[in-house]
Amino acid sequence: MIEVRPARPEDGDALGEIHAASWEASHAPFFQTEFAAQAAESRRTRWHERIAEGTGTILLAELDGRPLALSFTRPSPTRPGLAELFAFYCHPDGWGSGTAATLMTETLHRLRDDGFARVHLWTLRDTPQSRRFYTKCGFVESGATRPFDYGDGNPVDQVEYERTC
């Protein structure tokens, strides 16, 4: 059974593990080994603070009690009136289980309930798996692209997707 709920302070470690494992599988190949390892480790430790800040909405999806996916949304700082999906990660152990799709459905419902009509996100151009997932969830490319530097001084290309909530 898949359950989606707001993240609680005690979920910080689980959120960090989901983020790090997913990031290692999807993003690490774009970076030097040492930087990728440091970046994954920083993702394991940042969620306690993000929960404590209380800005935005963090949802956690569990499959049979195991935390497997997270979403983090808040008002877009660049697109007034839109929400932005800042983070959406599913642990590789949950790929193909329906957990991510269920979480996306609930994330969109929560955004709509919070008064948002549209949402946008940025994803790496060269990650076909994530791009297929967002398309399957009804997102379409906006046509916008940008270089994004994850902190190693070597920007990677991102594409923007959007949809109604």
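Being closer than 16 Å to Ile18 by Cα and surrounded by 13 or more Cβ atoms within 10 Å (Cβ to Cβ) narrows it down to one residue among Arg74, Arg44; which is it? Going through Arg74, Arg44 in turn, just one is closer than 16 Å to Ile18 by Cα and surrounded by 13 or more Cβ atoms within 10 Å (Cβ to Cβ): Arg44.
When Leu111 is tested against the conditions (1) aliphatic (A, V, I, L, M); (2) farther than 19 Å from Asp11 by Cβ; (3) within 14 Å of the chain's Cα centre (by Cα), the lone failure is (3).
Would you please name the residue that is modelled with the lowest pLDDT, looking only at residues in region 139-164 that are open to solvent by 40 Å² or more (accessible area, probe 1.4 Å) and part of a loop (DSSP other than H, G, I, E, B)?
Only one residue tops the list, namely Asn154.
Consider region 1-32. How many of its residues are surrounded by 16 or more Cβ atoms within 10 Å (Cβ to Cβ) and without any contact (Cβ under 8 Å) to a residue 60 or more places away in the chain? Residues in region 1-32 being surrounded by 16 or more Cβ atoms within 10 Å (Cβ to Cβ) and without any contact (Cβ under 8 Å) to a residue 60 or more places away in the chain: 8 in total.
Just one residue in the set Asp126, Asp152, Asp113 is in contact (Cβ under 8 Å) with a residue 60 or more places away in the chain, over 18 Å from Arg43 (Cβ atoms), out of contact with any strand residue (DSSP E or B) (no Cβ under 6 Å at 6 or more places or on another chain) and charged (D, E, K, R); that residue is Asp126. A Cβ distance below 6 Å, combined with a sequence gap of six or more or placement on separate chains, defines the contacts here; from region 33-52, residues that are under 16 Å from Gly151 (Cβ atoms) reach residues that are open to solvent by 60 Å² or more (accessible area, probe 1.4 Å) in the pairs Ala40/Glu24.
Gly96 versus (1) in contact (Cβ under 8 Å) with a residue 40 or more places away in the chain; (2) farther than 17 Å from Val159 by Cα; (3) open to solvent by 50 Å² or more (accessible area, probe 1.4 Å): which is the lone unmet condition? All conditions are met except number (1).
Return the residue satisfying two criteria in turn: it lies in region 47-57 and is more than 17 Å from Tyr89 (Cα to Cα) and not hydroxyl-bearing (Ser, Thr, Tyr), and of such residues it is least open to solvent (accessible area, probe 1.4 Å).
Gly54
Restricting region 129-138 to residues that are in contact with a strand residue (DSSP E or B) (Cβ under 7 Å, 6 or more places away or on another chain) and of a type outside the set (S, T, N, Q), the residue that is surrounded by the most Cβ atoms within 10 Å (Cβ to Cβ) is Tyr134.
The values are calculated or read from the model by the stated rules, or taken from the named source; none is laboratory data. Please read these numbers as outputs of a predicted model, since none were measured by experiment. Note: ideal-geometry Cβ built from the backbone for every residue, glycine included; neighbour counts use all protein chains shown. Surface areas here come from the heavy atoms of the whole protein model, side chains and all, with no ligands, DNA or RNA. Shrake-Rupley method; radii C 1.70, N 1.55, O 1.52, S 1.80 Å.
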